[in-house]
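The values are calculated or read from the model by the stated rules, or taken from the named source; none is laboratory data. The model shown is predicted, which means the values in this text are computed figures rather than measured ones. Don't worry about glycine lacking a Cβ; one is built from the backbone with ideal geometry, like all the others, and counts go over all protein chains shown. When the accessible area is computed, the model is the full protein with side chains, heavy atoms only, and any ligands, DNA or RNA have been set aside. Shrake-Rupley method; radii C 1.70, N 1.55, O 1.52, S 1.80 Å.
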Amino acid sequence: MIGVIYWSGTGNTEQMAQAVAEGIKAAGQEVEVKSVSEVSVDDAAAYEKLALGCADMGAEQLEEGEFEPFYTELEAKLGGKKVAIFGSYGWGGTWLEDWGTRIKDAGGELVADGVAILGEPDDDGKAQCEELGKTLANA
């Protein structure tokens, strides 16, 4: 089972999460999609593989109220786990690179470059997310 866990303020990252899940299903894998408020760190760590999504907030960082504390706790449990990351942004877009570095430093294995989309994902953006899901499923 693959977990897709996300935080979304406007719904853009949620749309991306659904597209990642579609890619996972298309690759023949089972998937559960949950917002970060619906899942514990232990439950998240129990998934075989993880796709994590978070919009960038403020100064190129993960959302601080829910997602950052969740991710900080999860980080210690990422050793050897295959991970994909994605998120929507309003400006900039470098937070995904910083986040990818944190995952690698924690011993997680990024299966592909993260998918960052400016604003609401269009058809091309959703296709990128589906491809990310397929890559994670086949990793």
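Couple of notes before you dig in:
- The set of residues from the stretch 82-109 being over 24 Å from residue 10 (Cα atoms), outside any helix (DSSP H, G or I) and touching a strand residue (DSSP E or B) at 6+ places or on another chain (Cβ under 6 Å) comprises 82, 108, 109.
Results for (1) at pLDDT 95 or above; (2) open to solvent by 50 Å² or more (accessible area, probe 1.4 Å), shown as yes or no for each residue.
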position	(1), (2)
46	yes, yes
51	yes, no
56	no, no
60	no, no
67	yes, no
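- Within the stretch 128-138, restricting attention to residues that are surrounded by 15 or more Cβ atoms within 10 Å (Cβ to Cβ) and not acidic (Asp, Glu), the residue that is nearest to residue 55 (Cα to Cα) is 129.
- Residue in the stretch 51-73 that is closer than 16 Å to residue 129 by Cβ and of a type in the set (Ser, Thr, Tyr) present: no
- Restricting the stretch 73-100 to residues that are of a type in the set (Ser, Thr, Tyr) and either open to solvent by less than 20 Å² (accessible area, probe 1.4 Å) or within 14 Å of the chain's Cα centre (by Cα) (or both), the residue that is farthest from residue 17 (Cα to Cα): 89
- From 112, 116, 137, residue being closer than 16 Å to residue 3 by Cβ and in contact with a strand residue (DSSP E or B) (Cβ under 7 Å, 6 or more places away or on another chain): 137
- Verdict on residue 32 being more than 14 Å from residue 139 (Cβ to Cβ), open to solvent by 60 Å² or more (accessible area, probe 1.4 Å), in a helix (DSSP H, G or I) and not aromatic (Phe, Trp, Tyr): no
- Every condition in (1) touching a residue at least 60 places away in the same chain (Cβ under 8 Å); (2) open to solvent by less than 40 Å² (accessible area, probe 1.4 Å) is met by residue 120 except one, and the failing one is (2).
- Only one entry of 22, 68 meets the criterion of being part of a helix (DSSP H, G or I) and farther than 15 Å from residue 100 by Cα, and that entry is 22.
- Qualifying residue in the stretch 3-12 (condition: buried (at least 17 other Cβ atoms within 10 Å of the Cβ), within 15 Å of the chain's Cα centre (by Cα) and in a loop (DSSP other than H, G, I, E, B)): yes
- Some residue of the stretch 102-116 being among the small types (Gly, Ala, Ser) and open to solvent by 70 Å² or more (accessible area, probe 1.4 Å): no
- Pairs are defined by a Cβ separation below 7 Å, a sequence spacing of at least 6 or placement on different chains, a first member in the stretch 126-139 that is farther than 16 Å from residue 30 by Cα, and a second member that is among the β-branched types (Val, Ile, Thr); the pairs so defined are 128/115; 129/20; 129/115.
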